[in-house]
Amino acid sequence: MQVIFLLQKTQNRSSVCAGIILQRNSDSMTEYKRKFSISEMYRAFMMLPSVTAGMIENKRKKLVGGDFIERVHLAVTEVNGCAVCSYAHTYLALRQGMSNEEIKSFLSGDGNFVRSEEAKAILFAQHFADARGLPKKEAYESIVDEYGEVKAKIILSAVQLMTVGNMFGIPFSAFQSRLRGRPYTDSSLIYEAGVQVAGAILVPIGFVHGVIRMVGEAFKSKT
């Protein structure tokens, strides 16, 4: 992957390191690790209102640390195989203080640097991605038992948000690879552009649908 140099001097080192770490992974990708269907995308977009609420609450109350959130994001991205998302979140992880070795470990999925207190959240993130957004009930219950209901919802929100990012980032990664003369063997320009267009149309529809559902559920809980 081409290294993007940012203008701010204080950010240069993190940006360069992110590019170096991801260059090996993205250059070796010749096909999709995962593709999402339109129905899977719409289901994820419907969750955006609750995801947004969860992330705003965490930003306000600081219940789950930023470095913890980035580890969750990296775990999801590793399973889904999104080169663009990996670059962006590698940069953010470096800014949070994660080491190069720790980030490379997360992106390779070996788990050598997983902290014991974060292990269940990381495993849940990987399971969520493996299950294509439909995790087993007991998997979510395990993080509720470990972190409590409020923190578990924030972790779930972080996983869902990263999944939505991957849905756009994966075909965009293929498009970038195409521009560099290395198109994915199982992709086409129509697919890469089509996902972006379809996603842009479905996001607001799914978001409104999600808001209506949230209001309905809130009304039912009060009656």
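Laboratory data are not the source of any read-out in this text; all were calculated from the coordinates shown. In this text, all values refer to a predicted model and were calculated from it rather than measured experimentally. Positions of Cβ are generated from backbone atoms using ideal geometry, with glycine treated the same way; all protein chains shown enter the neighbour counts.
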Sorting Asn58, His89, Phe68 by the position of each Cα along the dipole of the range 50-116 (Lys, Arg +1; Asp, Glu -1; all at Cβ), the one nearest the positive end of that ordering is Asn58
With 0.36 nm assigned to each residue of separation and the Cα-Cα distance removed, Arg178 to Ala200 gains 5.8 nm
Per the 1/(1 + (r/R0)^6) rule, R0 = 25 Å and r from the Cβ atoms of Thr185 and Asn100, FRET efficiency to 0.05 is 0.25
Toy charge model, Lys and Arg Cβ at +1, Asp and Glu Cβ at -1: the range 45-170 dipole around Cα centroid in debye, rounded to 20, equals 420 debye
Under a Gaussian network model of the chain whose springs join Cα atoms within less than 10 Å, the largest fluctuation of Arg115, Arg43, Arg71 belongs to Arg115
For the Ala53, Glu141 Cβ pair and Förster radius 22 Å, calculated FRET efficiency rounded to 0.05 is 0.55
For the range 46-147, shape from the Cα gyration tensor axes a ≥ b ≥ c, cut at a/c of 1.5 then a/b versus b/c, turns out rounded
Read-out Cα extents along the principal axes in Å, candidates [x] 46, 40, 33; [y] 60, 32, 31; [z] 59, 41, 33; calculated match is [z]
With -39,500 (n - 2.57) per DSSP H segment of 4 or more residues and division by the full residue count of the chain, the 222 nm estimate, nearest 500 deg cm²/dmol, is -25000 deg cm²/dmol
Under the 7 Å Cα-to-Cβ spin-label approximation, Val150 and Leu134 lie apart by a distance in nanometres of 3.3 nm
Once Ser37 and Lys62 are pulled to full extension, the length gained, defined as 0.36 nm per residue separation minus their Cα-Cα distance, is 5.6 nm
Heads up, the range 113-185 by the C-alpha gyration tensor (a ≥ b ≥ c square roots of eigenvalues; a/c under 1.5 rounded, else a/b over b/c prolate, else oblate) looks prolate
In terms of the alpha carbon gyration tensor, root eigenvalues a ≥ b ≥ c, rounded if a/c is under 1.5 and otherwise prolate when a/b exceeds b/c or oblate, the range 144-223 is oblate
